[in-house]
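Read through the structure below, which is laid out as structure tokens, and then see the notes.
Just so you know, all these numbers are worked out from the coordinates, no wet-lab data involved. All values derive from a computational prediction rather than experimental measurement. Glycine also receives a Cβ, built like all others from the backbone with ideal geometry; neighbour counts cover every protein chain displayed.
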Amino acid sequence: MSDDQVRFSLNETDLPRFWYNVNADNPVAPAPVLHPGTKEPVTPDFLSVLFPMELIQQEISTERYIEIPEEVREIYKLWRPTPLMRARRLEKALGTPAHIYYKYEGVSPSGSHKSNTAVAQAYYNKMAGTKALTTETGAGQWGSALSMACQFFGLDLEVYMVRVSYNQKPYRRILMEVNGAQVFASPTDRTNAGRAALEQNPDTPGSLGLAISEAVEVAAMSNNTKKYSLGSVLNHVLLHQTVIGEEALKQMDMAGEYPDVVVGCVGGGSNFSGLAFPFIRQNLREGARTRLLAVEPTASPTLTKGIYAFDYGDSARMAPIVKMYTLGHDFVPPAIHAGGLRYHGMAPALCSLYDAGHIEAVAVKQADVFDAAVQFTRTEGILPAPESAHAIRAAIDEALAAKALGEKRVILFNLSGHGHFDLTAYQEYLSGSMTDSSYPDEAVQNIKDHLPEISLDAVP
Ligand SMILES: *Cc1c(COP(=O)(O)O)cnc(C)c1O
């Protein structure tokens, strides 16, 4: 490479042919997934109400590599391989000896990494004869990605959008509607879960957990051609995102460097895992020693303050019970701008690796996140999604720590999306009216009271 190279680009022919399944190498056996009613391990039959069989098989697979179907790769080519950039101007502004790299997923048509799994899920549903999908969306990125994918494969789509985002982000809704989706502000009066929530509090801002309940209920109550699709948390979603890390490994090689630390923001854990898991494989199998750092908001600090326990995936207790770090399924986080990071739980595969010490986590404050976002925009020219800006904050903190120690540290972070639909948040920040909210410490004491009681017999 030349001394001042900033962009490390792969060709279309370098597009990965396989997804990487971390469960092949995870030293910790996965905990069983439990039925929300019986609290016994679920059968594929129960899951098949919601998902096509191919995705259920990926969910429980321990095969190391799973081939990416040609139809999916053809669509990936619209934006993949994504660029890996060296943030030289940011490095200079920080005066750090650290080298900062980022993988930019905002070049996808919907503006985030979520298209990587949306296309795969729409494809497997289409192949299985599904006619329509239901889903939830927080900030709207997932809904935008899935609406594009459904359009490509001729599937109908119903989106339950968390009310606070529906109101704050009308443009995301319009984008979904242009792609042919039907979008509802959740809670709605279309489902039992939604009606119960509205009865309790007609002004509720909604939550991702509740929107999931609504989308799951609609799919579960329908005939078998309407299925449910989730944009994060599940193993098959994390699997589909590993194209990010596989490409990044090749691109770091082009740069002639290897990361000391890999950073990503975490909501349900998919963009972080997509970048980090191939590097964890190199740690576990090849003796590499990269640190993996997950970054979350202090307002929804699942890994840093939550507890590791069995909990429902949604607030109305319709979704399966999984073992994960959780703040309690009925936790309603403050309405921070990073809507995609407000989930009460976290991907079980990521949680088991965190619990075993293979992954680190840190929580950062909203105002500090926007300081970092604005500094990044002014140096690198890209206005990041508020979610992604959490990773930028932590990457900058790593670079400043390296500076204080006079150490050359190679930092790689995932820039999971752009923030062009989040300008209201930036306006609030610039006008000085942005507030911060942290998860109250007392609440940690109470999480246990909000978890399902699981008999240990149910857990082999
Ligand atoms: C949805 C979203 C996230 C959070 O979800 P993960 O599953 O944790 O990746 C982060 N960044 C962007 C841009 C998103 O759209």
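Scaled to the globular estimate 2.2 N^0.38 Å, the Cα spread of the range 177-331, given as radius of gyration, is 1.26.
What does the extension gain come out to for residue 455 and residue 420, with contour length at 0.36 nm per residue minus their alpha carbon separation? Working shown, then result.
Details: separation 35, 0.36 × 35 = 12.60 nm, distance 4.72 nm.
Extra length from residue 455 to residue 420 when fully extended: 7.9 nm.
Our note on the geometry: Cα centres of the range 101-131 and the range 322-357, 22 Å apart. On the principal axes of its alpha carbon atoms, the chain extends 60, 48, 47 Å, with the longest extent given first.
Summary: within the chain, the longest segment free of trypsin sites (Lys or Arg not before Pro) located in DSSP loops with at most 12 other C-beta atoms within 10 Å is 78-288. Each label point was placed 7 Å from the Cα along the Cα-to-Cβ direction; for residue 63 and residue 127 their separation is 1.0 nm. For residue 42, the amide hydrogen comes within under 5 Å of the amide hydrogens of 33, 34, 35, counting only partners 5 or more places away or on other chains and with H modelled in the peptide plane. Taking label points 7 Å from Cα along the Cα-to-Cβ direction, residue 443 and residue 38 give a separation of 3.5 nm.
Between residue 355 and residue 221, what FRET efficiency follows from the Cβ-Cβ distance if R0 is 25 Å, with the result rounded to 0.05? Calculated transfer efficiency: 0.10.
Dimensions of the range 353-435 based on its C-alpha atoms, expressed as ranges along the principal axes with the largest first, amount to 38, 31, 22 Å. Semi-axes of the equivalent ellipsoid of the range 279-438 are 26, 24, 12 Å, computed as sqrt(5λ) over the eigenvalues of the C-alpha gyration tensor in descending order. Using the membrane-span-like helix rule (whole DSSP H runs, Cα extent along the own axis of at least 27 Å, mean Kyte-Doolittle hydropathy at least -0.5), which helices of the chain qualify? The qualifying helices are 386-405.
Helix-only mean residue ellipticity at 222 nm, the chain, DSSP H runs n ≥ 4 weighted -39,500 (n - 2.57), per residue, nearest 500. What is it?
On the way: 19 runs with 189 residues, N = 460.
So the helix-based figure for the chain works out to -12000 deg cm²/dmol.
Simple spin-label estimate for residue 4 and residue 401 gives 3.2 nm between the two label positions (7 Å along the Cα-to-Cβ direction from each Cα).
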